[in-house]
């Protein structure tokens with residue numbers, strides 16, 4: 001090589017070597033004040049993006065994008081794949097509220113939540129004693145006045161399946177066979193990971209009580225270990241039968257939407273529903289064929305509130321979603337940016353606000369079909385201004401609902417100990433976005449382990465009924481045909497007629513607390529989606545738990561380990577009962593997608609919760 005060429009080559013090599021350093025410097029300069037360096041970069045593309053609970057679900061969504069599908073096709077495919085791959089947290093017997101923004105600019109809510117079986121009554125659960133395999137460590141003689149945390153009795157009508165099919169029918173472009181294909185492949189065999197293996201191991205005693213579940217999760221009588229190939233053969237057969245129902249409809253000359261209706265009928269009004277009914281009857285469950293046959297997911301208007309010129313959309317008062325809107329209304333009256341991200345002032349203001357809105361949630365929220373919720377008042381700016389005056393300088397230890405409401409009385413149930421293996425086990429999340437402006441945000445959950453498989457259908461029955469209360473006259477009192485007030489809470493944000501953010505997270509009662517902080521990280525502190533989902537978060541448990549024994553921990557405040565020692569000390573000085581926890585145990589694991597003004601789509605997924613994002 002001649003000398004000029006050699007010099008040119010060396011200069012090129014040096015420039016390539018130096019580029020990462022310059023890039024890192026630029027990244028550091030652009031990092032919002034108070035935000036540490038993110039473990040990952042945001043995932044970016046111009047045609048579409050999907051973020052979900054696992055690589056399997058995100059890859060399923062991307063397959064639909066690459067096949068020409070839109071964000072709804074990708075979102076439903078990811079959700080169905082998650083119901084197979086993330087059985088520790090969510091399965092086909094669960095539920096999924098879905099928010100969709102159409103390319104025409106409308107925002108819709110798909111109510112993928114089934115009701116309690118018609119045979120159920122609050123009195124039945126008030127007087128009945130627990131049995132082994134329902135709650136785990138029941139009190140001597142059997143605890144009364146509690147909905148079991150596991151078993152067949154807390155099963156609702158599976159709502160997620162019809163919710164996903166309705167979303168696909170009305171807003172997607174692909175067939176059911178297209179979107180279910182990744183799920184079937186996973187059911188036929190997928191690698192076992194540490195998260196799922198741990199869940200199966202914890203629930204081993206439960207599976208020994210239920211042969212239909214034992215055959216799936218303890219093959220050969222032993223729990224699988226990471227690296228094993230895990231198969232859900234019965235579920236694969238059920239899913240293939242649903243795809244075959246669509247194929248028969250196409251052969252008969254029915255159009256795409258009618259063919260998807262044939263899938264819905266096959267599950268809820270055909271052989272699958274009858275087999276679920278037979279299993280429930282044989283095992284003293286309440287779910288019947290008539291409950292499944294009568295169910296239809298619905299499309300309704302979401303609820304919303306404005307914040308700093310943007311409109312934030314959530315599911316209705318049958319979810320906890322409106323609590324985030326109430327919090328935004330209160331927080332809009334503060335200069336949060338001036339307080340500083342995760343300063344003592346910022347965290348105190350946030351937590352005291354959340355205590356107020358969760359008191360309203362626990363007092364007034366419930367299925368609007370069974371009673372009137374004071375929705376307009378709760379979401380008004382005037383009410384927020386009144387509640388803002390109740391945010392004091394010290395941490396409140398009181399339960400303070402507005403509008404003259406009272407604390408839901410806590411019976412012996414709140415003092416009952418639920419065995420670790422039976423506690424509610426999180427959920428998952430899916431968001432998808434395409435360049436045409438279609439946006440999909442869902443929070444699928446239910447039928448987490450330990451769960452009962454409905455005979456040889458492979459469908460795991462849910463246990464969401466534990467979110468009901470048994471307090472006479474309460475808006476969330478259990479009743480046949482009624483939906484429990486759930487924690488599942490996807491989010492969409494629109495500004496000037498254009499979607500700007502889609503968010504979702506697992507976390508139970510922590511969902512809207514975490515989503516609120518992630519949203520503020522983006523809107524107030526300028527973080528990109530990856531920075532926002534990785535930023536330290538805090539959580540209050542000064543609320544009535546939506547699960548298990550419905551306990552409340554007044555003043556309890558959980559802080560990310562990255563919150564400074566001085567801040568922790570200052571919060572304790574204000575009366576908060578502080579605890580510090582690992583970033584890997586934050587109680588939530590959110591995902592977020594946003595669109596930039598130049599058409600770039602950015603996605604972020606919490607690495608500490610092993611979430612995944614894809615873009616193209």
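The values are calculated or read from the model by the stated rules, or taken from the named source; none is laboratory data. None of the values given here were measured: they were computed from a predicted structure. Cβ atoms come from the backbone with ideal geometry, glycine included; neighbour counts cover every protein chain shown.
When segment 325-339 is examined, which residues are found to be touching a strand residue (DSSP E or B) at 6+ places or on another chain (Cβ under 6 Å) and closer than 27 Å to residue 483 by Cβ? Quick ask: steps written out before the conclusion?
Taking segment 325-339 first, the residues touching a strand residue (DSSP E or B) at 6+ places or on another chain (Cβ under 6 Å) are 325, 328-329, 332.
Correct list: 325, 328, 329.
Return the residue satisfying two criteria in turn: it lies in segment 186-237 and is in contact (Cβ under 8 Å) with a residue 40 or more places away in the chain and in a loop (DSSP other than H, G, I, E, B), and of such residues it is surrounded by the fewest Cβ atoms within 10 Å (Cβ to Cβ).
Among residues in segment 186-237 that are in contact (Cβ under 8 Å) with a residue 40 or more places away in the chain and in a loop (DSSP other than H, G, I, E, B), the one surrounded by the fewest Cβ atoms within 10 Å (Cβ to Cβ) is 189.
Looking at this structure, is residue 182 more than 21 Å from residue 547 (Cβ to Cβ), touching a residue at least 12 places away in the same chain (Cβ under 8 Å) and part of a loop (DSSP other than H, G, I, E, B)?
Values: more than 21 Å from residue 547 (Cβ to Cβ): yes; touching a residue at least 12 places away in the same chain (Cβ under 8 Å): yes; part of a loop (DSSP other than H, G, I, E, B): no.
For residue 182, the condition - more than 21 Å from residue 547 (Cβ to Cβ), touching a residue at least 12 places away in the same chain (Cβ under 8 Å) and part of a loop (DSSP other than H, G, I, E, B) - is not met.
Just give me the residues in segment 205-222 being under 22 Å from residue 427 (Cβ atoms) and out of contact with any strand residue (DSSP E or B) (no Cβ under 9 Å at 6 or more places or on another chain), in sequence order.
Kept after step one, since they are under 22 Å from residue 427 (Cβ atoms), are these residues of segment 205-222: 206-207, 210, 213, 216-217.
206, 207 - these are the residues of segment 205-222 that are under 22 Å from residue 427 (Cβ atoms) and out of contact with any strand residue (DSSP E or B) (no Cβ under 9 Å at 6 or more places or on another chain).
Given the criterion crowded, with 23+ Cβ neighbours inside 10 Å and assigned by TED's automatic domain parsing to the domain that holds residue 560, identify the matching residue among 498, 531. Please lay out each step first, then the result.
On the way: 498 fails: crowded, with 23+ Cβ neighbours inside 10 Å.
From the options 498, 531, the qualifying one is 531.
Of the residues that sit in segment 435-452 and are part of a strand (DSSP E or B) and at negative phi, which one is farthest from the chain's Cα centre (by Cα)?
First, pick out the residues of segment 435-452 that are part of a strand (DSSP E or B): 439-442, 445-446.
Add one more test, that the residue is at negative phi, and what stays is 439-442, 445.
Details: 439: 16, 440: 13, 441: 10, 442: 7, 445: 6 Å.
Filtering segment 435-452 for residues that are part of a strand (DSSP E or B) and at negative phi, the one farthest from the chain's Cα centre (by Cα) comes out as 439.
For segment 547-616, which strands (runs of 3 or more DSSP E) that fit wholly inside it have 1 or more residues that are more than 20 Å from the chain's Cα centre (by Cα) and without any contact (Cβ under 8 Å) to a residue 60 or more places away in the chain? Don't jump to the end; show me each part of the working.
Numbers: elements: 556-560, 577-581, 591-595, 601-605, 612-615.
Per the criteria, 556-560, 577-581.
Which of the numbered conditions does residue 249 fail, given that it passes all the others? Conditions: (1) more than 25 Å from residue 153 (Cα to Cα); (2) surrounded by fewer than 21 Cβ atoms within 10 Å (Cβ to Cβ); (3) more than 28 Å from the chain's Cα centre (by Cα).
Only one criterion in (1) more than 25 Å from residue 153 (Cα to Cα); (2) surrounded by fewer than 21 Cβ atoms within 10 Å (Cβ to Cβ); (3) more than 28 Å from the chain's Cα centre (by Cα) is unmet by residue 249, namely (2).
Report yes if residue 520 is crowded, with 24+ Cβ neighbours inside 10 Å, touching a helix residue (DSSP H, G or I) at 6+ places or on another chain (Cβ under 7 Å), in the same structural domain as residue 106 (by TED's automatic domain parsing) and not in a loop (DSSP other than H, G, I, E, B), otherwise no. Talk me through it step by step, then tell me what you get.
Working: crowded, with 24+ Cβ neighbours inside 10 Å: no; touching a helix residue (DSSP H, G or I) at 6+ places or on another chain (Cβ under 7 Å): yes; in the same structural domain as residue 106 (by TED's automatic domain parsing): yes; not in a loop (DSSP other than H, G, I, E, B): yes.
Criteria not met by residue 520.
Okay, residues lined up against (1) within 27 Å of residue 497 (Cβ to Cβ); (2) free of Cβ contacts under 8 Å to residues at least 24 places away in the same chain; (3) assigned to a helix (DSSP H, G or I):
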site: 69; (1), (2), (3): yes, no, no
site: 75; (1), (2), (3): yes, no, yes
site: 78; (1), (2), (3): yes, no, yes
site: 83; (1), (2), (3): no, no, yes
site: 87; (1), (2), (3): no, no, no
site: 103; (1), (2), (3): yes, no, no
site: 108; (1), (2), (3): yes, no, no
site: 114; (1), (2), (3): no, no, no
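Out of the residues in segment 116-135 meeting the condition of being out of contact with any helix residue (DSSP H, G or I) (no Cβ under 7 Å at 6 or more places or on another chain), part of a loop (DSSP other than H, G, I, E, B) and modelled with pLDDT of 95 or more, tell me which one is surrounded by the most Cβ atoms within 10 Å (Cβ to Cβ). Outline the logic, then answer.
Within segment 116-135, the subset out of contact with any helix residue (DSSP H, G or I) (no Cβ under 7 Å at 6 or more places or on another chain) is 119-131, 134.
Remaining after also requiring part of a loop (DSSP other than H, G, I, E, B): 119-120, 128-131, 134.
With modelled with pLDDT of 95 or more added as a condition, the list becomes 119-120.
On the way: 119: 15, 120: 25.
The qualifying residue surrounded by the most Cβ atoms within 10 Å (Cβ to Cβ) is 120.
Condition test on residue 504, is it within 30 Å of residue 157 (Cα to Cα), touching a strand residue (DSSP E or B) at 6+ places or on another chain (Cβ under 7 Å) and surrounded by 24 or more Cβ atoms within 10 Å (Cβ to Cβ)? Step through it out loud before you land on a result.
Working: within 30 Å of residue 157 (Cα to Cα): yes; touching a strand residue (DSSP E or B) at 6+ places or on another chain (Cβ under 7 Å): yes; surrounded by 24 or more Cβ atoms within 10 Å (Cβ to Cβ): yes.
So residue 504 fits the description; yes.
Scanning for something assigned by TED's automatic domain parsing to the domain that holds residue 55, modelled with pLDDT under 95 and in contact with a strand residue (DSSP E or B) (Cβ under 8 Å, 6 or more places away or on another chain), does segment 559-568 turn up at least one residue? Show your work before the answer.
Of segment 559-568, the ones assigned by TED's automatic domain parsing to the domain that holds residue 55 are 559-568.
From what's left, modelled with pLDDT under 95: none.
There is no residue in segment 559-568 that is assigned by TED's automatic domain parsing to the domain that holds residue 55, modelled with pLDDT under 95 and in contact with a strand residue (DSSP E or B) (Cβ under 8 Å, 6 or more places away or on another chain).
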